[in-house]
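Asks: Structure below; questions to follow.
Nothing in this text is a laboratory measurement; each read-out follows from the coordinates by a stated rule. Fair warning: this is a prediction, and the values are worked out from it, not measured in the lab. For neighbour counting, all protein chains shown are included, and Cβ atoms are generated from backbone atoms with ideal geometry for every residue, glycine included.
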Amino acid sequence: MSVSKFAKLGMTALRSNFTELSKPYKLTFSITYWCQSRCLTCSIWEIKPRGELTLDEIREFAKKNNHFKWIEITGGEPFMRGDILEIVRAFKENCKDLFLLTMPTNSLCNHEMEVGKIEEMLKMGIPMITITLSLDGYRELHDKIRGIPGNFDKVMDMARRLHALQERYKGLAFVFGYTMSKFNAGQLNKTVEEVQKELPWARFKDFHVNVGQVSDIYYSNTKLEFTAEREQLAKEIDEIVKNRPLELDSLPIFSKSLVESAFLRKLVTYIKEDKVPMKSRSLDASLFMDSYGNVYPSIMWGRRIGNIKESQYSLDPIWHNAEAEAVRQLIKEGKEPKAWTACEAYQTIVGNVFSLF
Ligand code: SF4
């Protein structure tokens with residue numbers, strides 16, 4: 001592991017507790033809205049996007065914004081972009097302090113191609129790559145929620161391949177991304193058991209739990225009905241917190257286990273109290289950019305502050321415009337929209353550590 005890049009990410013996160021950052025260190029970038037899934041909790045798959053950023057435009061963006069230490073590449077299904085490897089290479093070559101690349105997949109692309117590309121990314125020398133394999137239930141349930149027969153078995157196959165790849169690349173990690181909704185409420189334990197029948201090495205803590213949330217600019221799911229009953233959700237997540245062993249796998253502020261535990265505890269607060277559990281670090285530590293180059297505070301907050309095509313692919317002219325400052329003011333006043341998703345929560349937790357105690 002590159003200790004210096006890890007330390008730089010950690011120190012920047014620590015600094016964000018005391019001061020506004022001059023540049024964001026995390027980029028969440030939806031490289032495409034194309035998706036071949038048919039999820040009941042998300043309508044991205046119904047969008048037939050046109051005019052998404054080209055590879056040359058993304059290269060220009062990476063060249064002019066080379067300060068990212070953590071990049072989340074998301075979709076749609078990110079591996080539906082044939083040039084995903086070149087996109088990652090553009091960021092790797094320009095962002096000298098890039099430490100962490102995170103990426104979800106629905107496991108529906110050709111696995112040989114997908115795992116081959118992940119291996120190529122590892123060979124580029126990015127110190128940490130974490131893949132989230134979306135998995136919302138046991139075999140029948142997952143296939144029903146995702147609308148694709150055989151999807152559960154495909155996730156198992158991807159997990160086996162990534163597990164084997166880990167033998168050769170210590171910087172590779174993967175988790176199962178479990179999105180809770182009314183369709184799978186109360187079914188996490190059964191799902192874990194069924195996964196463990198297929199993959200005896202899988203552990204409870206390999207499941208990253210989130211709650212399905214609504215976003216017009218991202219999931220396009222404002223018209224869908226999928227939220228489970230609050231009490232039931234809070235009870236189930238409380239159980240997860242109790243079942244997760246706390247491991248001090250690093251210094252406290254950098255510990256994945258502690259941050260994940262804080263994420264889950266705050267998720268319970270979010271569900272029970274129906275409010276943002278912490279002031280977010282949106283447009284300070286992080287931003288969301290969609291596949292057309294529109295820049296937003298987060299995937300959950302559709303207040304567009306600009307488009308990189310209008311600023312010659314540089315974030316600088318957008319970062320301090322009137323819209324961006326208005327968003328920051330709303331955050332200060334505690335008036336941001338209610339949301340608590342992994343895309344925003346981690347940098348919010350590590351940027352507010354003193355309010356955790
Ligand atoms: S949740 Fe993911 S896999 Fe499902 S439709 Fe949305 S982007 Fe596609």
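Asks: Looking at 36, 149, 131, which one has the Cα that reaches farthest to the positive end of the dipole of the chain (charges on Cβ: Lys, Arg +1; Asp, Glu -1)?
Replies: My answer, from the dipole projection, is 131.
Asks: What's the exposure ranking of 301, 319, going from fewest to most Cβ atoms within 10 Å?
Replies: Least crowded to most crowded, the residues run 319, 301.
Asks: Considering only 219, 169, 346, give the residue with the highest GNM mean-square fluctuation for the chain, with springs between Cα atoms whenever their separation is below 10 Å.
Replies: Maximum fluctuation in the GNM of the chain, among the listed residues, is at 169.
Asks: Here's something else I'd like to know. Take the residue pairs 117/309; 190/235; 5/26 and return only those whose Cα atoms are more than 22 Å apart.
Replies: Long pairs (Cα-Cα over 22 Å): 117/309.
Asks: Still on this model: Less than 16 Å apart at the alpha-carbon level, and either on another chain or at least 8 residues along: which aspartates and glutamates does that give for residue 223?
Replies: Candidates past the 8-residue exclusion: 46.
Asks: How large is the charge dipole for the chain, taken about the Cα centre, if only the Cβ atoms of Lys, Arg (+1) and Asp, Glu (-1) carry charge, to the nearest 20 debye?
Replies: Taking the Cα centre of the chain as origin, the dipole is about 620 debye.
Asks: Dipole magnitude of the stretch 16-138 about its Cα centre, charges +1 at Lys/Arg Cβ and -1 at Asp/Glu Cβ only, in debye to the nearest 20? Mind dumping the intermediate values first?
Replies: On the way: 15 positive and 17 negative charges, 62 e Å.
Dipole magnitude for the stretch 16-138 comes out near 300 debye.
Asks: Another question about this same structure. Once you have a ≥ b ≥ c as the square roots of the Cα gyration tensor eigenvalues for the stretch 241-357, tell me rounded if a/c is under 1.5, and otherwise prolate or oblate according to whether a/b is larger than b/c.
Replies: Values: a/c = 2.39, a/b = 1.86, b/c = 1.28.
The shape class here is prolate.
Asks: While we're looking at this one, here's another question. Taking the C-alpha atoms of the chain, how large are the radius of gyration and the largest Cα-Cα span, Dmax, in Å?
Replies: My reading of the Cα-based Rg and Dmax gives 19.1, 54 Å.
Asks: Strictly over 22 Å apart at the Cα level, which of 48/335; 69/205; 275/332; 8/64 would you flag in this model?
Replies: Beyond 22 Å between Cα atoms: 48/335; 69/205.
Asks: Which aspartates and glutamates does residue 256 reach when only Cα atoms under 17 Å apart count, and residues fewer than 8 places away in its own chain are ignored?
Replies: 72, 206, 247, 344
Asks: Starting from the Cα of residue 242, draw a straight line to each of the aspartates and glutamates and keep only those under 12 Å, dropping any in the same chain fewer than 8 residues away.
Replies: Filter leaves no residues.
Asks: Of all DSSP beta bridges located in the stretch 3-356, what percent are antiparallel, nearest 5? Provide the component values of the computation, followed by the final result.
Replies: On the way: 5 of 35 bridges.
Taking every DSSP beta bridge with both residues in the stretch 3-356, the antiparallel ones total about 15 percent.
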